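S.K.: Okay, handing you the structure first.
The values are calculated or read from the model by the stated rules, or taken from the named source; none is laboratory data. A quick note: this is a predicted structure, and the numbers were derived from the prediction, not measured. Here the Cβ is made from the backbone with ideal geometry for all residues, glycine too, and neighbour counts use every protein chain on show.
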Amino acid sequence: MGHRHIYEAIDRTLRDIRENDSMFGQLTVVFAGDWRQILPVVHHGSRADIVDACLKKSYIWQHVRPLEMNTNVRAEKAGKSTQASAQFLLSVGDGKLPINHDVGPMKVALPVHLLLKSNSLDDLCHFVFEQLEKNYDTASWLCSRAILCPRNADVDEVNNLMIERFPGEATEYKSSDSVTDNEHQYPIEFLNSLTPSGLPPHRLLLKKHASVMLLRNLDPYNGHVNGARYAIRALHRHVIVAVVATGTHAGKEIYLP
């Protein structure tokens, strides 16, 4: 979700270009989004600052005609268990669940069947990937499971823990740790500590049969798109051979540099 200042700047620009003082220069503009997604990011902002950055707080919103989609077609086709889960998430997003003051202000209690009694990350990995030792070489089984994390540091911790559970020897891949200008300003230790969003850590450990996810639209026609999941089949020095794990393109090989 973008900051409201972005849309206000577009509005002013279009008015200026079209020499028309109507909203967006009298052009019809379609906004697409989900209010249940992440709010605009305000650096060191308070809760009030973040809410104020939303489009609903802009003068533009009074001119917007909201249209809602209420049917989750994907959930309906997936089965009753998925439908129940989707309906629960909608209830959370719509604010229909009662506030549980024992948990905290503005918080709801999750159903017991969704909770793991242990607070151990190791137990969580075992719960999600139970019987990994029997199914680690089955791509469809492996890629039908995932652990979602709020921060990149948590993702790295989970990945390292899961790689240790796979049999075989790990292959190490390292990112470039040098610059062409002003080398004295960027120590190697500092460069190696950086993990920009959308990029792997400096030291990446992988094993055969482990699952990986594509973060770029590489070849949409053959299903190699952002979010596609793969099972590793071979690890070379500069190339990783993997196969699409699920979907209509399951079994197709890809060479990842």
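S.K.: Which strands (runs of 3 or more DSSP E) does region 183-257 wholly contain that include 1 or more residues that are surrounded by 12 or more Cβ atoms within 10 Å (Cβ to Cβ) and modelled with pLDDT under 80?
M.R.: Where strands (runs of 3 or more DSSP E) fall fully within region 183-257 and carry at least 1 residues being surrounded by 12 or more Cβ atoms within 10 Å (Cβ to Cβ) and modelled with pLDDT under 80, they are 253-256.
Here is a yes/no grid of residues against (1) of a type outside the set (Ser, Thr, Tyr); (2) at pLDDT 90 or above; (3) under 26 Å from residue 247 (Cα atoms); (4) not assigned by TED's automatic domain parsing to the domain that holds residue 236:
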position	(1), (2), (3), (4)
123	yes, yes, no, no
128	yes, yes, yes, no
139	yes, no, yes, no
144	no, no, yes, no
147	yes, yes, yes, no
153	yes, no, no, no
156	yes, no, no, no
161	yes, yes, no, no
173	no, no, no, no
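S.K.: Going through region 1-37 one residue at a time, which ones are under 33 Å from the mean Cα position of the chain (by Cα) and outside any loop (DSSP other than H, G, I, E, B)?
M.R.: 4, 5, 6, 7, 8, 9, 10, 11, 12, 13, 14, 24
S.K.: Looking at 217, 192 in this structure, which one is without any contact (Cβ under 8 Å) to a residue 12 or more places away in the chain, in contact with a His (Cβ under 8 Å, 6 or more places away or on another chain) and among the polar types (S, T, N, Q)?
M.R.: The unique qualifying residue is 217.
S.K.: Which count do you get for residues in region 46-87 that are among the hydrophobic types (A, V, I, L, M, F, W, C), surrounded by 14 or more Cβ atoms within 10 Å (Cβ to Cβ) and part of a helix (DSSP H, G or I)?
M.R.: So the count comes out to 6.
S.K.: Let me ask you something else. When you check residue 159 against the structure, is it in a helix (DSSP H, G or I), surrounded by 11 or more Cβ atoms within 10 Å (Cβ to Cβ) and in contact with an Asp or Glu (Cβ under 7 Å, 6 or more places away or on another chain), yes or no?
M.R.: no
S.K.: For region 143-156, give me each residue that is surrounded by 14 or more Cβ atoms within 10 Å (Cβ to Cβ) and more than 20 Å from residue 116 (Cβ to Cβ).
M.R.: Within region 143-156, 143, 152, 156 meet the criteria.
S.K.: Would you be able to tell me the number of residues in region 25-45 that are of a type in the set (Val, Ile, Thr) and surrounded by 12 or more Cβ atoms within 10 Å (Cβ to Cβ)?
M.R.: Qualifying residue count, region 25-45: 2.
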